[in-house]
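*Asks:* What follows is a structure written as structure tokens; I'll ask about it next.
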Amino acid sequence: MPESITGRPGETIELTDVTKRYPGQAEPAVEAVSMVIPAGEVVVLVGPSGCGKTTTMKMINRLIEPTSGTITIGGTDVLTLDPDQHRRDIGYVIQQIGLFPHKRIEDNIGLLPKRLGWSRSRVRARVAELLELVGLPADYARRYPRELSGGQQQRVGVARALAADPPVMLMDEPFGATDPITRDHLQNEFLRLQREVRKTIVFVTHDFDEALKMGDRIAVLRPRSVIAQYDTPEAILAAPADDYVASFIGAGGQLKKLALLRLRDVELAPAPRVGGLPRIVVDATVRDALDLMLGEGSDVVLVTGDFGDDAEVLGSLHLQTVMGAAAGKAGNP
Amino acid sequence: MTFAEYVRENWITIVNDTILHFDVTLGAVAIAVVIGVGLGMLTYRHSTLAALATTTTGAFLTIPSVALLGVLIAPFGLGVLPVLVALVVYALLPITRNTIVGLQEVDPAVVEAGRGMGLSRTRVLWDLRLPLAWPVIFAGVRVSTQIIIGIAAIGAWVQGPGLGNQIFNGLGRFGGANSLNQVLTGTLGIVVLALLFDLALAGVARLTTSRGLRA
Ligand SMILES: Nc1ncnc2c1ncn2[C@@H]1O[C@H](COP(=O)(O)OP(=O)(O)OP(=O)(O)O)[C@@H](O)[C@H]1O
Ligand SMILES: [Mg+2]
């Protein structure tokens, strides 16, 4: 990866007793929220519609000013900063995408870098780099937003937010407007991207499965943004704090847990010397392996290093181990 | 003398009147764009101010042109100046109103994205709102032009320039030689000029609107 993309690593965000009371409203929209968002992590805010997710997020880039409380980024109180200056250091992806329809894709992405005084050639190189990063062909730079599909526009929105290499990203239901298949694809691309860029990301969704997939940590919110539970996906699945959180997990909690566990993190048994066993690649999840077992009617599968029949066999996975994993024993962190 | 003969014999005067008519209309529209768009930009964010701007400029349009021109003689005398001022006054409503509506109706998501990346309010106005509202604003410019190109003819009453002179001369000695030809020349000239003007403005609209906004 070129250096500019991974240039500025994430910074820690800290909210302390943050409250937002909209004028003329009896109840605060956000009440006394305190949370630490560790540098370089993806923290997902999940909760029902109207619980205050967007309000909480927009207070971080000061599109909404908190009524009380403090927010710091990298130790600096954001209220002491010039708001416009402050926002240039925060990538912001809004749910409605909000591309500038009268500007070409290259100018949508390059607008902020240009305003920051980057040279023409540097901006052009940055645009090319980001288009590649989000998986769009280079010649899309010359297109206008209306000439792109919804999913493609969404990727441009992410590229635009990354343009000036901000240490912090705020993403409000960034994949909300897409069909399940495109959404899954964008999520995977985004996770790959984040492994490279290591930004601090606040990600809003009301889809708990998306939260499980995307988050290093998840904050399950009640109305007024009150935190019901704030922990890793594994910990929330293993021990939901109360019925409210459990209701978010919904049915199939055990399967969801297995979907978080990659085969590479599971202790494998030596490969048996019998032929004809189903094979699965080590990047897959334990849930995928279980699915394969059920589909093939086999209680053991071979785990391989790569796709293909001649790929190296790393070991085998037994149904027993899967059941142990569900109970939280087989993990090998 | 037939109409064709009249035109052939007097074409220098007619062309001259047409050019002057065009000039005073263009000048008035240009000034009205500066004032109207400016007024729109200053008021679109405050609903009461915006309403005030549209009702005021709307009220202007109801003043009878003869009355307005008569009143303007006192400060501006006779000739082109009172005509220009009157035309600007009449051109304001469509431009001002369309500017306000255009600026207000810009997709809020676009504005939020702009503010979110750290663009100031002023930058959002100039870089995002104005170019996005431009097709709407320009539609107002075209309506204004059509309105005042006809009104400009009345300007001859205060010795203003343009095709109105043909009409007023003809009407002044109606029944006399060529009086009908004069009225006809002035009227048709204005209709043709209005058509060509609008065609030209349609071209300008195309050239000044981003390709990303065209359907
Ligand atoms: N500008 C505003 N003025 C007054 N009340 C507001 C304003 N914006 C939001 N609210 C209220 O604050 C509460 C929280 O809104 P917010 O947009 O943060 O919810 P959300 O969790 O993002 O919901 P969703 O999932 O539907 O996007 C809601 O009850 C909403 O009605
Ligand atoms: Mg929201």
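*Asks:* Considering Cα pairs under 8 angstrom that are at least six residues apart, work out the relative contact order of chain B and quote it in whole percent.
*Replies:* Numbers: 267 pairs, mean separation 58.1, N = 215.
Across chain B, relative contact order equals 27 percent.
*Asks:* Here's something else I'd like to know. By how many nm would the segment from A:Glu27 to A:Arg120 lengthen if fully extended, with 0.36 nm per residue of separation less the alpha-carbon distance?
*Replies:* Values: separation 93, 0.36 × 93 = 33.48 nm, distance 4.92 nm.
Answer, rounded to one decimal: 28.6 nm.
*Asks:* Here is a follow-up. Give me the percent relative contact order of chain A, please, defined on Cα pairs under 8 angstrom at least 6 residues apart. All intermediate terms of the calculation are to be shown ahead of the outcome.
*Replies:* Values: 614 pairs, mean separation 63.1, N = 333.
It comes to 19 percent, rounded to a whole number.
*Asks:* Considering only DSSP beta bridges whose two residues both sit in the stretch A:3-256, what percent are antiparallel, to the nearest 5? Walk me through the numbers on the way to the answer.
*Replies:* Details: 16 of 34 bridges.
The answer is about 45 percent antiparallel.
*Asks:* Can you compute the modelled spin-label distance between B:Thr122 and A:Gln85, with each label point 7 Å from Cα toward Cβ, in nm?
*Replies:* With each label placed 7 Å out from Cα toward Cβ, I get 1.7 nm.
*Asks:* If you don't mind, there's one more thing I want to ask. Sorted from largest down, what three extents in whole angstroms do the Cα atoms of the stretch A:10-66 have along their principal axes?
*Replies:* Principal-axis extents of the stretch A:10-66 (Cα, largest first): 37, 22, 18 Å.
*Asks:* How shielded is B:102-114 by partner chains, expressed as the average number of their Cβ atoms within 10 Å of its Cβ atoms?
*Replies:* On the way: counts 0, 0, 0, 0, 1, 6, 3, 6, 9, 1, 8, 13, 5.
Whole-number average of other-chain Cβ neighbours for B:102-114 is 4.
*Asks:* Could you give the nm distance between label points at A:Arg195 and A:Ala241, where each point is 7 Å from its Cα heading toward the beta carbon?
*Replies:* For A:Arg195 paired with A:Ala241, the spin-label model returns 3.1 nm.
*Asks:* For chain A, state what percent of all Cα-Cα pairs lands in each successive 10 Å bin, counting from 0 Å until the bin that includes the largest distance.
*Replies:* Reading upward from the zero bin: 5, 23, 28, 24, 14, 5, 1, 0.
*Asks:* Peptides B:194-204, A:218-228, B:75-85: what's the order by average Cβ count within 10 Å, highest mean first? Can you show the working numbers first?
*Replies:* Details: B:194-204: 13.5, A:218-228: 21.1, B:75-85: 17.7.
Descending packing order for the listed peptides: A:218-228, B:75-85, B:194-204.
*Asks:* Sticking with this one: Using a Förster distance of 60 angstrom, determine the FRET efficiency expected from the C-beta separation of B:Leu188 and A:Asp207, and round it to 0.05. Let's see the in-between values first.
*Replies:* Working: r = 67 Å, r/R0 = 1.12.
E(calc), rounded to 0.05, equals 0.35.
*Asks:* Over the alpha-carbon set of chain B, divide Rg by the Kirkwood Rh and report the Rg/Rh ratio to two decimals. Kindly include the intermediate steps, with their values, before the conclusion.
*Replies:* Values: Rg = 20.4 Å, Rh = 18.9 Å.
Rg/Rh for chain B comes to 1.08.
*Asks:* Another question, if that's okay. Less than 13 Å from a label point 7 Å out along the Cα-to-Cβ axis of A:Arg146: which backbone N atoms in the stretch B:116-142 qualify, by residue?
*Replies:* Backbone N within reach: B:132-136.
*Asks:* If you don't mind, another one. Just tell me, in residue order, which DSSP H segments of chain B are both 15 angstrom or longer along the helix axis (alpha-carbon based) and at least 1.6 in mean Kyte-Doolittle hydropathy.
*Replies:* Correct list, ordered by number: B:11-43, B:65-76, B:80-104.
*Asks:* Sticking with this structure for a sec: Evaluate peptide A:99-108: per residue, the Cβ atoms of other protein chains within 10 Å of its Cβ; return the mean as an integer.
*Replies:* Details: counts 5, 10, 9, 14, 5, 3, 1, 0, 1, 2.
Taking the mean over all residues of the peptide, I get 5.
*Asks:* Work out the FRET efficiency for B:Arg173 and B:Ile73 from their Cβ-Cβ distance, taking R0 = 22 Å, and round it to the nearest 0.05. Intermediate values should be presented prior to the final figure.
*Replies:* Details: r = 23 Å, r/R0 = 1.06.
Step by step, r from the Cβ atoms, then E = 0.40.
*Asks:* Here is a further query. Using alpha carbons only, how many angstrom separate the centre of the stretch A:265-284 from the centre of the stretch B:40-59?
*Replies:* Centre-to-centre (Cα) distance: 73 Å.
*Asks:* Rank B:Asn16, B:Asn98, B:Asn165 by mean-square fluctuation in a GNM of chain B with C-alpha springs under 10 angstrom and give only the top-ranked residue.
*Replies:* Of B:Asn16, B:Asn98, B:Asn165, the Gaussian network model singles out B:Asn16 as fluctuating most.
Values in this text are rule-based calculations from the coordinates and carry no lab data. All of these numbers come straight from a predicted model, not from anything done at the bench. Every residue, glycine as well, gets a Cβ built from its backbone with ideal geometry; the counts of neighbours run over all protein chains shown.
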